[in-house]
Amino acid sequence: MESKQWYMEYKIHKNRPGLLGDIASLLGMLNVNIITINGVEDRTRGMLLQTNDDEKIEILGKMLQKVENITVNKLRPPSLVDRLAVRHGRYIERDSDDRKTFRFTRDELGLLVDFLGEIFKRDGNQVIGLRGMPRVGKTESIIAGSVCSNKRWTFVSSTLLRQTVRSQLSSEEMNPDNIFIIDGIVSTIRSNERHHSLLQEIMEMPSTKVIEHPDIFIRESNFDYSTFTTIIELRNTPDEEISYDSFTVNYNDF
């Protein structure tokens with residue numbers, strides 16, 4: 001049977017000496033390999049495991065139910081969020097009602113870049129919305145994520161490049177493997193017909209598009225919320241309100 005990876009997370013009730021060693025010994029006896037291990041949030045430990053026998057994972061889960069000092073919270077094939085939790089030692093905040101919305105603060109830029117890098121590695125059509133106030137690090141994070149995924153990026157519209165609105169791209173820039181960066185305000189409030197045609201063509205491509213200010217993009221275009229596969233919110237502080245009224249008026253002056 002082919003080897004598979006599993007994510008195990010357990011809550012520690014009493015961190016007695018030798019607890020981790022006991023669990024590692026149990027995994028060793030079952031011939032289950034530990035790929036990565038890290039603390040995940042308060043008194044919680046996450047492990048990325050590998051085995052070629054699914055039954056061993058089932059046995060492991062039943063045996064660990066008898067260990068009084070811990071409670072196993074998760075034992076499942078790893079999601080992207082699980083992998084990043086083990087790698088960074090913290091979970092990405094996720095909207096409880098809208099499961100495709102993920103929240104970050106500026107002090108988590110490293111985690112955000114890693115998250116974007118992993119998403120950018122995926123093939124096919126993806127439309128990622130990135131909410132956030134000016135100068136919080138949106139565009140920089142997208143570029144860094146592109147570098148992490150070894151992908152080229154193409155600016156379709158941007159405020160980083162002096163209110164740039166592109167009306168055409170070279171054949172090299174139109175490569176579907178590129179990451180297309182779109183400013184949702186610039187592309188809708190400042191768009192002309194040529195830019196609008198280019199935007200339509202890019203949105204129909206089987207490629208990854210990252211749209212800053214997705215709410216304005218939805219409001220001012222014929223696209224809706226279902227267009228987006230992932231929504232990311234980036235704030236300076238956890239309680240910062242993302243409000244467009246304070247800066248969208250400047251875009252109308254051009």
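The values are calculated or read from the model by the stated rules, or taken from the named source; none is laboratory data. For clarity, every value in this text was computed on a predicted model and none was experimentally measured. As a convention, Cβ positions derive from the backbone with ideal geometry for all residues, glycine included, and neighbour counts pool all protein chains shown. What goes into the accessible areas is simple: the full protein's heavy atoms, side chains included, and nothing from ligands, DNA or RNA. Shrake-Rupley method; radii C 1.70, N 1.55, O 1.52, S 1.80 Å.
Here are a few things to note about the model shown:
- Scanning the range 22-35 for residues that are touching a helix residue (DSSP H, G or I) at 6+ places or on another chain (Cβ under 8 Å), open to solvent by 50 Å² or more (accessible area, probe 1.4 Å) and either in a helix (DSSP H, G or I) or among the polar types (S, T, N, Q) (or both) gives N31, N33.
- Hits in the range 168-182 - residues which are over 21 Å from G117 (Cβ atoms) and either modelled with pLDDT of 95 or more or surrounded by 13 or more Cβ atoms within 10 Å (Cβ to Cβ) (or both): L169, M174
- Among the residues of the range 213-231, those that are assigned to a loop (DSSP other than H, G, I, E, B) and either among the polar types (S, T, N, Q) or not assigned by the TED database to the domain that holds G184 (or both) comprise S221, N222, T229.
- Pairs are defined by a Cβ separation below 7 Å, a sequence spacing of at least 6 or placement on different chains, a first member in the range 185-208 that is closer than 19 Å to R131 by Cβ and of a type in the set (G, A, S), and a second member that is assigned to a helix (DSSP H, G or I) and open to solvent by 20 Å² or more (accessible area, probe 1.4 Å); no pair meets this definition.
- Meets criteria (touching a residue at least 60 places away in the same chain (Cβ under 8 Å), of a type in the set (S, T, Y) and farther than 26 Å from R219 by Cα) for T71: yes
- For the range 227-248, the tally of residues that are modelled with pLDDT under 95 and farther than 21 Å from R106 by Cα stands at 2.
- In the range 186-207, residue modelled with the lowest pLDDT [restricted to those that are part of a loop (DSSP other than H, G, I, E, B) and among the small types (G, A, S)]: S191
- Test: R45 is closer than 30 Å to P214 by Cβ and either touching a Phe, Trp or Tyr at 6+ places or on another chain (Cβ under 6 Å) or among the basic types (K, R) (or both): no
- Filtered by the rule that a residue be β-branched (V, I, T) and either open to solvent by less than 10 Å² (accessible area, probe 1.4 Å) or at pLDDT 95 or above (or both), the range 140-159 gives I142, I143, V147, T154, V156.
- Per-region count, the range 183-204, residues open to solvent by less than 40 Å² (accessible area, probe 1.4 Å) and closer than 30 Å to R235 by Cα: 10
- Residues being open to solvent by less than 50 Å² (accessible area, probe 1.4 Å) and assigned to a helix (DSSP H, G or I) - total across the range 36-69: 5
- Neighbours by Cβ (under 8 Å, 6+ apart or cross-chain): first from the range 14-43, assigned by the TED database to the domain that holds G61 and free of Cβ contacts under 8 Å to residues at least 12 places away in the same chain; second part of a helix (DSSP H, G or I) and surrounded by 13 or more Cβ atoms within 10 Å (Cβ to Cβ): none
- Output for the range 2-18, where each listed residue is over 22 Å from N69 (Cα atoms) and surrounded by 11 or more Cβ atoms within 10 Å (Cβ to Cβ): K4, Q5
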